[in-house]
Amino acid sequence: MQSITENTLSIADLNKAIELELAKLPLPLHLAELYDPIRHALELGGKRMRPIICLLSGLMYGAELDEILKPALAIEVFHNFTLLHDDIMDNAPIRRGKPTVFAKWGLNSAILSGDVMMIHSYELLVEMKANKLTDALKLFNTTAIEVCEGQQWDMQFETQVELPSLNDYLDMIRLKTAVLLGAAAKLGVIAGNGSKDDADILYTLLVNLGIAFQIQDDWLDTFGNQDNFGKRIGGDILANKKTCLLIIALQLSNDEDKAKLESLYLSSCTTETQEIDKINQVTQLYKKYKVDKKVNDLKENYLKGFDELEALKVVKPEYLELLKSICISLLIRDK
């Protein structure tokens, strides 16, 4: 493993730089109904993994922190904009333990504040060097459209009666979640003068990582440890979400168990006892057909090819090692 020198910026250093730069966004004190929601959304925190991936991808190809920081923030502000509008569509009252913008300020402010965040993401992006801006904008625009497509698929899956195929579900999470991780890495390579081949390799690997990340999230919702997971185990079951666990279980079940799963899926609970019973029954059927193992095997399919990282022609391999550590942390998480 490449040693991390004392001159290497740590993940903590990068986090600090991100927070300091976010605090510099032009958010005036007037028009509080417009700008306070943006401050609130950005102060909710999170892992900041997308901008960190972007920074590491740029630094390992020789970019200076100052020239890659604004594009990395563009990714983070755009991501938070999508969460703000996602909460509207989901009618979600809580995010990261605090009221959502939609719940606290209402629909109109949430829409307008989200629009301003999207505009700010482009303002940050266009501060890239002119010779790199065309490629960066093409990547950013393509990714933005794909995220919207993924969200539309997700909403359609919630309302359609028929179960989506596993391939359709995987394509949905690729668009909704994974492509932004891939774009974060590729944008860093563009800023750092890495080759197109390296940019494409990193993009593919990070998109696959994003798919694996969401599959792991589905798994944790049923089979995780509640103390670590941070929210109630079985939430997807109670919400009747069409996750990969349900899709795989219905593919494997005999006719009797399939009918039982479909009946449980269509049922609603009015008491805590009913909720516990529903979660237990569905979980037992998942265990009967070894869905937990099948889902883990599915996740592993998206983690092949990470040895290709060794072939990247990086300038500062210490930052590649930090990127690897971020990838590993996403995969072994229990929350």
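Tell me yes or no: at least one residue of the stretch 164-181 is buried (at least 23 other Cβ atoms within 10 Å of the Cβ) and among the small types (Gly, Ala, Ser).
Among the residues of the stretch 164-181, at least one is buried (at least 23 other Cβ atoms within 10 Å of the Cβ) and among the small types (Gly, Ala, Ser), which makes the answer yes.
Which of the residues belonging to the stretch 285-299 are within 29 Å of the chain's Cα centre (by Cα) and either surrounded by 17 or more Cβ atoms within 10 Å (Cβ to Cβ) or without any contact (Cβ under 8 Å) to a residue 60 or more places away in the chain (or both)?
Answer for the stretch 285-299, where residues must be within 29 Å of the chain's Cα centre (by Cα) and either surrounded by 17 or more Cβ atoms within 10 Å (Cβ to Cβ) or without any contact (Cβ under 8 Å) to a residue 60 or more places away in the chain (or both): Leu285, Tyr286, Lys287, Tyr289, Lys290, Val291, Lys293, Lys294, Val295, Asp297, Leu298, Lys299.
Let's see how each residue does on (1) surrounded by 14 or more Cβ atoms within 10 Å (Cβ to Cβ); (2) at pLDDT 90 or above; (3) touching a strand residue (DSSP E or B) at 6+ places or on another chain (Cβ under 7 Å):
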residue: Ala239; (1), (2), (3): no, no, no
residue: Leu252; (1), (2), (3): yes, yes, no
residue: Leu261; (1), (2), (3): yes, yes, no
residue: Glu275; (1), (2), (3): yes, yes, no
residue: Lys278; (1), (2), (3): yes, yes, no
residue: Gln281; (1), (2), (3): yes, yes, no
residue: Leu303; (1), (2), (3): yes, no, no
residue: Leu330; (1), (2), (3): yes, no, no
residue: Asp334; (1), (2), (3): no, no, no
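Just to verify a result, which residue in the stretch 13-42, among those that are in contact with a Leu (Cβ under 9 Å, 6 or more places away or on another chain), under 18 Å from Ala110 (Cβ atoms) and free of Cβ contacts under 8 Å to residues at least 24 places away in the same chain, is surrounded by the fewest Cβ atoms within 10 Å (Cβ to Cβ)?
Within the stretch 13-42, the match that is surrounded by the fewest Cβ atoms within 10 Å (Cβ to Cβ) is Arg39.
Among the residues of the stretch 136-161 satisfying the criterion of being within 19 Å of Ser263 (Cα to Cα) and in contact (Cβ under 8 Å) with a residue 40 or more places away in the chain, which is least open to solvent (accessible area, probe 1.4 Å)?
Only one residue fits best here, namely Phe157.
Using beta carbons and a limit of 6 Å, which pairs, at least six apart or on different chains, have the first residue in the stretch 50-79 and closer than 22 Å to Ser195 by Cβ and part of a helix (DSSP H, G or I) and the second one among the charged types (D, E, K, R) and at pLDDT below 95?
So the pair list comes out empty.
So that you can scan it fast, the table gives a plain yes or no per residue for (1) in contact with a helix residue (DSSP H, G or I) (Cβ under 7 Å, 6 or more places away or on another chain); (2) free of Cβ contacts under 8 Å to residues at least 24 places away in the same chain; (3) under 19 Å from Lys324 (Cα atoms):
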{"position": "His120", "(1), (2), (3)": "yes, no, no"}
{"position": "Leu163", "(1), (2), (3)": "yes, no, no"}
{"position": "Ala178", "(1), (2), (3)": "yes, no, yes"}
{"position": "Lys186", "(1), (2), (3)": "yes, no, yes"}
{"position": "Ala191", "(1), (2), (3)": "yes, no, no"}
{"position": "Leu205", "(1), (2), (3)": "yes, no, yes"}
{"position": "Asn225", "(1), (2), (3)": "no, no, no"}
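On the given criteria, is Leu175 assigned to a helix (DSSP H, G or I) and in contact with a Phe, Trp or Tyr (Cβ under 7 Å, 6 or more places away or on another chain)?
In short, yes.
If you take the residues of the stretch 309-328 that are among the basic types (Lys, Arg) and in contact (Cβ under 8 Å) with a residue 24 or more places away in the chain, which of them is most open to solvent (accessible area, probe 1.4 Å)?
Among those residues, the one meeting the criterion is Lys313.
Mind checking whether some residue in the stretch 68-79 is open to solvent by 10 Å² or more (accessible area, probe 1.4 Å) and among the β-branched types (Val, Ile, Thr)?
No, the stretch 68-79 has no match at all.
Could you list all residues from the stretch 100-113 that are farther than 25 Å from Phe157 by Cα and open to solvent by 60 Å² or more (accessible area, probe 1.4 Å)?
Result: Lys104, Asn108, Leu112.
The values are calculated or read from the model by the stated rules, or taken from the named source; none is laboratory data. Since the structure is predicted, the reported quantities are computational estimates derived from the model, not experimental observations. Here the Cβ is made from the backbone with ideal geometry for all residues, glycine too, and neighbour counts use every protein chain on show. To get the accessible areas, we keep the full protein, side chains included, count just its heavy atoms, and leave off ligands, DNA and RNA. Shrake-Rupley method; radii C 1.70, N 1.55, O 1.52, S 1.80 Å.
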